Amino acid sequence: MAHSKALLELENFIGGRFVPCSSYIDSYNPSTGDVYCRVPDSGKDEVEAAVKAAKDAFPVWSSKSPLERSQILNKLADLIEHDLEAFAQAESKDQGKTITFARTVDIPRAVHNFRFFASSILHHVTECTEMPTMGCMHYTSRAPVGVAGLISPWNLPLYLLTWKIAPAIACGNTVVAKPSEMTSVTAWMMCKLLEKAGVPPGVVNVVFGTGAKAGEALVCHPDVPLISFTGSTLTAQRITEKSAPHCKRLSLELGGKNPAIVFNDADLSQCIPTTVRSSFANQGEICLCTSRIFVQRGIYNEFLKRFVAEAKKWKTGNPSDPTVNVGALISKEHLEKVRNYVKKAQAEGARVLCGEGVDPLALPPGNQKGYFMLPTVITEVKDESCCMQEEIFGPVTCVVAFDTEEEVIKRANGVKYGLAATVWSGNVGRVHRVAHRLQSGLVWTNCWLVRDLNLPFGGMKASGIGREGARDSYEFFTEVKTITIKH
């Protein structure tokens with residue numbers, strides 16, 4: 001395919017410098033459907049070079065004090081924050097998300113990830129116990145693991161990449177990161193700032209390419225003892241199989257099919273706008289999005305009426321328009337997949353109350369070929385339907401009625417996933433009861449997506465293995481050693 005000179009061409013970042021690649025893949029602007037960027041199609045050779053650079057940089061980086069590493073992380077945070085607008089524009093164009101979301105969520109959170117781990121690395125303490133009868137004392141010591149392989153997804157590109165890089169390098173590891181080939185631009189932009197921040201060459205290496213080639217080479221590399229992955233459950237199964245012969249340490253943050261449970265005594269003035277946001281924010285392309293809403297029968301009709309009215313107010317269109325709430329979905333294929341879920345629901349007898357196939361989608365002239373979809377609300381859908389069982393990862397949510405607390409807990413837990421849930425009720429006792437019984441790594445009550453990065457983040461069942469957060473990430477990215485001294 002012939003390319004004009006205007007296309008942005010990315011390069012891998014290995015050993016502190018940008019390195020061209022022998023072959024490239026096209027990356028599309030989801031809001032126009034046009035190719036706008038070329039991304040390295042890296043494989044074994046590029047990963048080999050990056051792992052070697054990371055191994056070579058490890059002795060010096062790991063011997064730096066936590067304070068020295070902390071200062072470098074803070075400097076990197078300052079540099080990204082200084083360029084916040086450029087990063088936000090690039091993230092919006094590359095991923096399809098609205099400029100508002102990139103500007104207020106993605107890039108500020110990426111900055112915060114570096115600052116947070118720059119601070120938390122200074123506050124970890126090790127354990128010590130004494131055995132006077134044996135004349136011994138024991139203490140623990142923690143050391144970085146080595147080269148960390150980090151694989152991040154396309155939905156929150158810089159946000160989720162920095163959520164891995166920050167704790168990995170704060171703990172003294174060096175990294176080889178592989179962002180999604182569909183959203184590589186902000187990772188490449190971050191690489192330009194590393195030297196200025198004082199990150200030594202080889203500490204952070206970024207190899208661009210597909211999961212099948214670059215990702216697989218990274219997972220299979222014998223000198224990468226640890227893999228942190230965020231993405232689909234299917235890919236995680238492959239990573240688990242491929243890394244098993246090497247006994248690698250894995251952290252897998254996977255999909256969700258997150259329920260919201262709305263009881264009769266819920267405050268709908270808070271619940272409805274928040275649940276619309278939790279269903280459709282970032283085009284529904286967040287693993288924490290609500291895709292099953294269980295509403296108690298007493299308020300079901302009122303909830304549905306108000307929820308649909310609110311969803312219809314969300315404006316879909318050009319992501320760079322600050323008045324737009326819903327941008328473009330990541331790719332043509334993904335849009336087709338999400339649309340097919342709506343078709344399947346209709347074929348099963350469900351009703352689509354607004355959105356896909358029901359309301360007209362008016363797009364500006366320049367966005368006619370983009371991958372857009374209106375916020376879509378489905379009702380009268382059975383619990384066993386694929387729309388209630390599988391992760392759709394688009395602006396689609398299902399609203400169903402329930403009668404009793406006991407019944408809704410069973411139904412909410414009746415999927416293979418267990419990442420996040422929300423509970424809406426004014427009854428404190430009920431909120432605690434239900435939260436304890438939901439098979440979910442995160443439960444929000446009367447709110448959504450309020451995060452304290454100190455606390456564990458991750459899911460149960462098919463939603464993953466391991467947790468991320470101040471202490472959990474520290475434990476994952478370090479090896480613990482028990483030392484016994486006889487005196």
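The values are calculated or read from the model by the stated rules, or taken from the named source; none is laboratory data. Since this is a predicted model, take the numbers as computed values, not measurements. All Cβ positions, even for glycine, are placed from backbone atoms using ideal geometry, and neighbour counts span all protein chains on display. The accessibility values were calculated without ligands, DNA or RNA, using every heavy atom of the protein model including side chains. Shrake-Rupley method; radii C 1.70, N 1.55, O 1.52, S 1.80 Å.
Points worth noting:
- Semi-axis lengths, Å, the chain, gyration tensor of Cα atoms, sqrt of 5 times eigenvalues: 38, 30, 19
- When restricted to Cα atoms, region 53-204 yields an Rg and a Dmax of 17.7, 66 Å, respectively.
- Probe 1.4 Å, all protein chains present, accessible-area order of Asp94, Asp56, largest first: Asp56, Asp94
- When the C-alpha to C-alpha distance is required to be over 20 Å, the pairs from Lys75/Lys178; Lys344/Lys382; Lys55/Lys164; Lys97/Lys369 that qualify are Lys75/Lys178.
- Region 22-33 - phi-based ³J(HN,Hα) in whole Hz, Karplus 6.51/-1.76/1.60, Gly and Pro as x: 6, 9, 10, 10, 7, 10, 9, 8, x, 7, 10, x
- Using heavy atoms of the protein chains and a probe of 1.4 Å, the accessible area assigned to His487 is about 150 Å².
- A simple spin-label model places pseudo-atoms 7 Å from Cα toward Cβ; at Met137 and Asn427 they are separated by 5.4 nm.
- Tail beyond 28 Å, pair distance distribution of region 144-301 (Cα, percent): 34
- Among Val415, Gln283, Gly172 - extreme Cα towards positive end, dipole of the chain, charges at beta-carbon: Val415
- Size of electric dipole in region 258-445: Cβ of Lys, Arg +1 and of Asp, Glu -1, about Cα centre, debye, nearest 20: 160
- With Cα atoms defining each centre, region 405-480 and region 37-56 are spaced 36 Å apart in the structure.
- When the trypsin sites (Lys or Arg not before Pro) in region 24-122 are filtered for DSSP coil states and for at most 16 other beta-carbon atoms within 10 Å of their beta-carbon, the remaining sites are Lys64.
- Cβ-based charge dipole, the chain, positive-most Cα from Leu335, Leu455, Thr183: Leu455
- Spin-label model distance (nm) - Lys416 vs Arg297, 7 Å beyond Cα toward Cβ: 3.2
- What a 1.4 Å probe finds exposed on region 236-321 is 48% carbon and sulfur by accessible area, rounded to a whole percent.
- Once the Cβ-Cβ distance of Leu361 and Cys447 is raised to the sixth power relative to R0 = 35 Å, the FRET efficiency obtained is 0.70.
- Scoring 469-478, 199-208, 12-21 by mean Cβ neighbours within 10 Å over their residues and listing the highest first yields 199-208, 469-478, 12-21.
- Candidate aspartates and glutamates for bridging to Lys242, where Cα separation is under 15 Å - those fewer than 8 sequence places away on the same chain excluded: Glu216, Asp223
- Between Glu9 and Leu268, the modelled label-to-label distance comes to 5.9 nm, taking each label 7 Å out from Cα in the direction of the beta carbon.
- Charge-dipole axis of the chain as Lys and Arg at +1 and Asp and Glu at -1 on Cβ define it, positive-most pick from Thr140, Pro66, Val428: Val428
- Gained length - Ser119 relative to Glu195, 0.36 nm times residue gap less alpha-carbon distance: 25.3 nm
- Computed helical MRE - 222 nm, the chain, DSSP H runs ≥ 4 contributing -39500 (n - 2.57), nearest 500: -11000 deg cm²/dmol
- Charge dipole magnitude, Cβ of K and R +1, D and E -1 - the chain, Cα centre, debye nearest 20: 300
- At 0.692 mPa s and 37 °C, Stokes diffusion of region 258-445 via Kirkwood alpha-carbon radius, µm² per second: 197
- At a probe radius of 1.4 angstrom, the accessible area of the chain per residue rounds to 41 square angstrom.
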